[in-house]
Amino acid sequence: MPSARQESGTNRESRAYGTSMSDESSSEEEEFRGSEDDNIKASSSAAAQSSDDDRDDDDEPIASLKTPGLNTDNSRSSPRRNNSKASIKYDEESDDDDDDVPLANLIKKKEPKRSLSAASNASNGSAAQKKKKTTSDAPKAKKAKPETTKSSTASSSSSCNKKYEFASEAFYGTECVKGLLVQRLLCRWWYAIDWPKKHASKTVPVDYEPLDGFPGVYVCTTASNPGHLLDTRNMDECPSFQNFAKKHASELQSLLQVALQEQKKQLVEVEGSGTSTEKGIEAMIKWTNKVNPEKAEKEAAKILKASKFKL
């Protein structure tokens with residue numbers, strides 16, 4: 001059994017050991033707490049420094065924030081891109097300059113200059129005026145009169161040499177005066193000629209009936225000869241080319257004058273004066289009055305002789 005002294009010694013040793021352990025643990029705790037405080041202070045100072053840096057970056061312009069790496073990339077870019085950027089920058093600067101310029105100055109700048117064509121036209125005009133002056137100062141040469149007689153005779157001779165199948169074709173093809181008289185009278189003969197005659201016999205033949213619209217013409221209505229036409233009109237006086245061409249040009253002229261005057265009279269009664277048709281008739285009357293019947297007859301005789309026709 002241990003003695004009381006031994007127990008007291010052991011107790012003392014254990015107490016001393018406990019106090020030393022407690023001192024060591026307290027010192028370790030103080031060291032741990034100090035290190036934690038140091039870490040907190042360091043982190044807070046780092047956070048404050050980063051916030052200050054961010055604020056400084058926000059205050060700085062964007063151009064100053066470019067990194068040297070980006071500058072190297074731009075330096076390596078192709079010259080075409082640099083030129084395009086420079087041209088764009090130049091255009092923007094010129095646009096800004098134009099915006100700052102007053103409108104009055106822009107209007108003065110954009111005033112149109114005299115083109116080369118206008119200057120050339122002015123020079124040509126002055127040259128033309130000089131030519132006119134020189135030509136007006138020079139004596140005027142007499143113009144030769146056109147030989148109408150020779151040309152007309154040549155045309156008539158060439159038309160006479162053509163071959164025609166009928167006398168009417170020769171008269172109308174050569175456009176001789178007598179041919180025009182005949183042609184224009186045939187277009188309006190009923191204004192000057194009464195044919196068939198009103199006093200002609202109106203007795204209707206047996207088995208025939210009068211044909212409406214054709215006085216002197218009858219149509220058969222019996223079974224013996226149905227549809228047969230019987231013409232009792234005097235064909236020697238009918239208005240045809242053959243009968244008119246046999247007349248003298250003077251008679252044709254007088255008949256045409258009567259026909260035109262009567263046509264004009266009836267036209268004015270129906271449509272009034274001042275119409276285009278009336279003006280055409282008046283022009284034809286003037287032409288008819290100027291016709292020389294003797295010359296017209298001689299010309300027609302030559303055409304018939306050249307074409308070997310007899311009326």
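The values are calculated or read from the model by the stated rules, or taken from the named source; none is laboratory data. Everything numeric here is computed off the predicted structure, so don't read it as measured data. Don't worry about glycine lacking a Cβ; one is built from the backbone with ideal geometry, like all the others, and counts go over all protein chains shown. For the accessible areas, the whole protein counts, side chains as well, though only heavy atoms, and no ligand, DNA or RNA atoms are used. Shrake-Rupley method; radii C 1.70, N 1.55, O 1.52, S 1.80 Å.
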Exercise. Of the residues that sit in segment 255-311 and are part of a loop (DSSP other than H, G, I, E, B) and either open to solvent by less than 60 Å² (accessible area, probe 1.4 Å) or hydroxyl-bearing (Ser, Thr, Tyr) (or both), which one is nearest to LEU186 (Cα to Cα)?
Worked result: VAL291
Exercise. When LEU252 is evaluated against the numbered criteria (1) exposed (fewer than 13 other Cβ atoms within 10 Å of the Cβ); (2) touching a Pro at 6+ places or on another chain (Cβ under 9 Å); (3) not in a loop (DSSP other than H, G, I, E, B), which criterion, by number, is the only one it fails?
Worked result: (1)
